[in-house]
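Below is one structure, written out as structure tokens; comments come after it.
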Amino acid sequence: MKRLADLLAPVVFVSLLLAGWELACRAFEVPSYRLPPPSAIGEALRESGLLLLSSGWNTLSTALIALAVASVLASALALLAALSGLIERAIQPVMVTLQVTPVIAIAPIVQIWAGLAHPERAVIGLAVVVAFFPIFSGALTGLKSADPDLERLFDLYGATRRQKLLRLRLPTATPFLLAGHKVAAGLALIGAVVGEFAAGSGGSQGLAWRIIEASNRLQTAKAFAALFVLAVMGAALYGLLQLAERRALVWWRGR
Amino acid sequence: MIASLSGVEVDYRGRGRALGPFDLQVGEGEIIALVGPSGCGKSTAMRLLAGLEQPSRGTVTRAPGRGETSLVFQAPTLAPWMSATANVALPLELAGADRRTARAQASEALARVGLSGVEAARPAQLSGGMAMRVSLARALVTRPKLLLLDEPFAALDEITRRTLADDVLALWAELKPAILFVTHNVEEAVYMASRVVVMTRGPGRLAGEVAVEGALPRPAGFRVTEGFRRAAETVSTLLARGMEAAA
């Protein structure tokens, strides 16, 4: 009974919210370009669903490519930093600077580097920048958080540096890496959207471009529809990674 | 003699003296309990004998070979991503043994500590007592000459503690490693050791030594014998005196 109530509660709440929104729009005769009622957004979804989905795929694939690139770069750099304290100290200020600089602020520069003919490269580059940090810091923390007593045992048994890395530090880092990737995936999607906004032109054909395009034409319902697709995509990506993380942890820990 | 500390002192930067001067000789096949108040440097003495730490002054001699000294901590300290067998096989594999041989010897060691059938289980699936046995099996798999136990049963309940104490003594009778174990528990020290070394409050020095009579492993009812009671009382007196001496 309680489980049913738990399941129904969000459904009921969201339905009430949508109904209130719909009724308010009609009662106060809000013009649709200002705030479209949910029914108009549903209509826009039906009309341009295919277009939005293909744009959504553009944005999603950009984010996934960025995630893969960030994963390789961040893991490799974290490994170097974990192996050498000198390298860690050397790159620390650059990492912090990268993390605290708003991605939107470096977007125009990245675009110049990518070349105006390749806006998609700039978008991937920006998404890589935002996805990089959680993976890097997760991997580095994980590589440095081996159980000190277990490390003493490895020393006692005369383990080489290589053995300690492969059999102790990398396995210890696994859960941290998984958590880092989960956070990074969401950020990569945000980075891709921000990149598309900054690129501004239709060159990228992503969801952000659909939102700009629709807003410029005062097709607010279509902009909302695009937003809806984006939100669903983000939630699905997060859910998928959450599931993957849980599965991987079961494998790692045996339950 | 299998290992010794002579005139060792350990200073930690910023925290002053942690141990010593302190002497300890561990004879072959001997079981020694190291008892003392918290912070007296018992664990430091143990790390010196394991070669994991160097003394600021004095000399340490230890069994030189790889795997000749083994260590068991208060926590089982198992790798959660490895099966029980893989955890036990680890010291052998790190020393270059091939996987099949190492795993076979690990299964044997697990059987010796009474854990047949949990070879594939992960540490998270084992009870505290079982995990401690896996840890013990890992320490024994290299057939060490010196087994160091750093408060190995402190986190376990009384029943499990007593069972494990008897099991350790039975394993000792079979393999005859020298055992040095640290404990807070006077009765446990007297029950398990043929010699109890009492330390003063930190920085720890020798407060006294008590030889415990009687056969090892202990016969049933040893805890109610006159010899047990007398030894326990002497150890307690030495402990109390050690606290005052430093104060």
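The values are calculated or read from the model by the stated rules, or taken from the named source; none is laboratory data. It should be emphasised that the depicted structure is a prediction, and the values quoted were computed from it without experimental measurement. Because the Cβ atoms are built from the backbone with ideal geometry, glycine has one as well, and the counts that use them run over all protein chains shown. When the accessible area is computed, the model is the full protein with side chains, heavy atoms only, and any ligands, DNA or RNA have been set aside. Shrake-Rupley method; radii C 1.70, N 1.55, O 1.52, S 1.80 Å.
Being touching a helix residue (DSSP H, G or I) at 6+ places or on another chain (Cβ under 8 Å), within 14 Å of chain B (Cβ to nearest Cβ) and open to solvent by 50 Å² or more (accessible area, probe 1.4 Å) is a property that holds for residue A:170.
Does residue A:121 satisfy the condition of being more than 26 Å from residue A:250 (Cβ to Cβ), within 14 Å of chain B (Cβ to nearest Cβ) and modelled with pLDDT under 95? No; evaluated as a whole, the condition is false for this residue.
Across region B:176-227, the qualifying residues are those that are touching a residue at least 40 places away in the same chain (Cβ under 8 Å) and farther than 27 Å from residue B:18 by Cα, and the one among them that is most open to solvent (accessible area, probe 1.4 Å) is B:176. Filtering A:159, A:185 for residues that are of a type outside the set (Asp, Glu) and not in a helix (DSSP H, G or I) leaves a single hit, A:159.
If you take the residues in region B:75-128 that are of a type in the set (S, T, N, Q), within 22 Å of residue B:154 (Cα to Cα) and in a loop (DSSP other than H, G, I, E, B), which one is least open to solvent (accessible area, probe 1.4 Å)? If you could, list the steps in order and put the result at the bottom.
Here is the first cut: in region B:75-128, the residues of a type in the set (S, T, N, Q) are B:77, B:83, B:85, B:87, B:101, B:105, B:107, B:116, B:125, B:127.
From what is left, the residues that are within 22 Å of residue B:154 (Cα to Cα) are B:77, B:87, B:125, B:127.
Still in the running and in a loop (DSSP other than H, G, I, E, B): B:77, B:127.
Values: B:77: 10, B:127: 59 Å².
Residue satisfying both the conditions and the ranking: B:77.
Report the residue count in region A:10-65 for those that are open to solvent by 90 Å² or more (accessible area, probe 1.4 Å) and either in contact with a strand residue (DSSP E or B) (Cβ under 8 Å, 6 or more places away or on another chain) or aromatic (Phe, Trp, Tyr) (or both). If you could, list the steps in order and put the result at the bottom.
Initial filter on region A:10-65 (open to solvent by 90 Å² or more (accessible area, probe 1.4 Å)): A:13, A:16-17, A:23, A:26, A:28-29, A:33-34, A:46-47, A:50, A:53, A:57.
Next cut, either in contact with a strand residue (DSSP E or B) (Cβ under 8 Å, 6 or more places away or on another chain) or aromatic (Phe, Trp, Tyr) (or both) only: A:13, A:28, A:33, A:57.
Going through region A:10-65 one residue at a time, the tally reaches 4.
Might you check whether a residue that is assigned to a loop (DSSP other than H, G, I, E, B) and open to solvent by less than 30 Å² (accessible area, probe 1.4 Å) occurs anywhere in region A:66-79? No: region A:66-79 contains no residue that is assigned to a loop (DSSP other than H, G, I, E, B) and open to solvent by less than 30 Å² (accessible area, probe 1.4 Å).
Can you say whether residue A:105 is of a type in the set (Gly, Ala, Ser) and under 17 Å from residue A:209 (Cβ atoms), as far as the supplied structure shows?
On the way: of a type in the set (Gly, Ala, Ser): yes; under 17 Å from residue A:209 (Cβ atoms): no.
Here the answer is no, as residue A:105 does not meet what is asked.
Per-residue answers, yes or no, for (1) open to solvent by 50 Å² or more (accessible area, probe 1.4 Å); (2) away from chain B (no Cβ under 14 Å); (3) out of contact with any Lys or Arg (no Cβ under 7 Å at 6 or more places or on another chain):
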site	(1), (2), (3)
A:210	no, yes, yes
A:219	yes, yes, yes
A:227	yes, yes, yes
A:236	yes, yes, yes
A:246	yes, yes, yes
A:250	yes, no, yes
A:253	yes, no, no
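Looking at A:176, A:154, which is the one that is touching a Leu at 6+ places or on another chain (Cβ under 6 Å) and either buried (at least 21 other Cβ atoms within 10 Å of the Cβ) or within 14 Å of another protein chain (Cβ to nearest Cβ) (or both)?
On the way: A:176 fails: touching a Leu at 6+ places or on another chain (Cβ under 6 Å).
When all the criteria are applied, what remains is A:154.
Among the residues of region B:10-23, those that are open to solvent by less than 30 Å² (accessible area, probe 1.4 Å) and touching a Leu at 6+ places or on another chain (Cβ under 7 Å) comprise B:10, B:22.
Restricting B:103, B:133, B:112, B:99 to those that are more than 20 Å from the chain's Cα centre (by Cα), basic (Lys, Arg) and away from chain A (no Cβ under 14 Å) reduces the list to B:103.
Among all positions in region B:211-225, there is at least one residue which is among the β-branched types (Val, Ile, Thr) and assigned to a loop (DSSP other than H, G, I, E, B). Within region B:34-56, the set of residues being closer than 16 Å to residue B:17 by Cβ, of a type in the set (Gly, Ala, Ser) and in contact with a Lys or Arg (Cβ under 7 Å, 6 or more places away or on another chain) comprises B:36 only. Can we say residue B:26 is crowded, with 20+ Cβ neighbours inside 10 Å, of a type in the set (A, V, I, L, M, F, W, C) and in contact (Cβ under 8 Å) with a residue 12 or more places away in the chain? Answer is yes for this residue. Beta carbons closer than 6 Å, at least 6 apart along the sequence or on distinct chains, pair a first residue in region A:112-131 that is touching a residue at least 40 places away in the same chain (Cβ under 8 Å) with a second that is open to solvent by 80 Å² or more (accessible area, probe 1.4 Å) and part of a helix (DSSP H, G or I) for A:124/A:65. When you check residue A:110 against the structure, is it at pLDDT below 90 and crowded, with 16+ Cβ neighbours inside 10 Å, yes or no? For residue A:110, the condition - at pLDDT below 90 and crowded, with 16+ Cβ neighbours inside 10 Å - is met.
Hey, does region B:145-164 have a residue that's small (Gly, Ala, Ser), at pLDDT below 90, surrounded by fewer than 24 Cβ atoms within 10 Å (Cβ to Cβ) and within 13 Å of the chain's Cα centre (by Cα)? Show your work before the answer.
Start the filter on region B:145-164 by keeping residues that are small (Gly, Ala, Ser), which leaves B:154-155.
Filter once more, keeping what is at pLDDT below 90: B:154-155.
Going one step further and asking which of them are surrounded by fewer than 24 Cβ atoms within 10 Å (Cβ to Cβ), we end up with B:154-155.
Now narrow it down to the ones that are within 13 Å of the chain's Cα centre (by Cα): B:154.
Yes, region B:145-164 has at least one match.
Would you mind stating whether residue A:139 is assigned to a helix (DSSP H, G or I) and modelled with pLDDT of 90 or more? For residue A:139, the condition - assigned to a helix (DSSP H, G or I) and modelled with pLDDT of 90 or more - is met. Cβ separations smaller than 6 Å between residues 6+ apart or across chains give the following pairs from region A:213-224 residues that are assigned to a helix (DSSP H, G or I) to residues that are basic (Lys, Arg) and buried (at least 20 other Cβ atoms within 10 Å of the Cβ): A:214/A:222. Can you go through B:58, B:51, B:39, B:67 and tell me which one is within 11 Å of chain A (Cβ to nearest Cβ), in contact with a Gly (Cβ under 9 Å, 6 or more places away or on another chain), among the small types (Gly, Ala, Ser) and surrounded by fewer than 24 Cβ atoms within 10 Å (Cβ to Cβ)? Among B:58, B:51, B:39, B:67, only B:67 is within 11 Å of chain A (Cβ to nearest Cβ), in contact with a Gly (Cβ under 9 Å, 6 or more places away or on another chain), among the small types (Gly, Ala, Ser) and surrounded by fewer than 24 Cβ atoms within 10 Å (Cβ to Cβ). Selection of region A:142-151 for residues being part of a helix (DSSP H, G or I), farther than 30 Å from residue A:101 by Cβ and more than 7 Å from chain B (Cβ to nearest Cβ) yields A:148, A:151.
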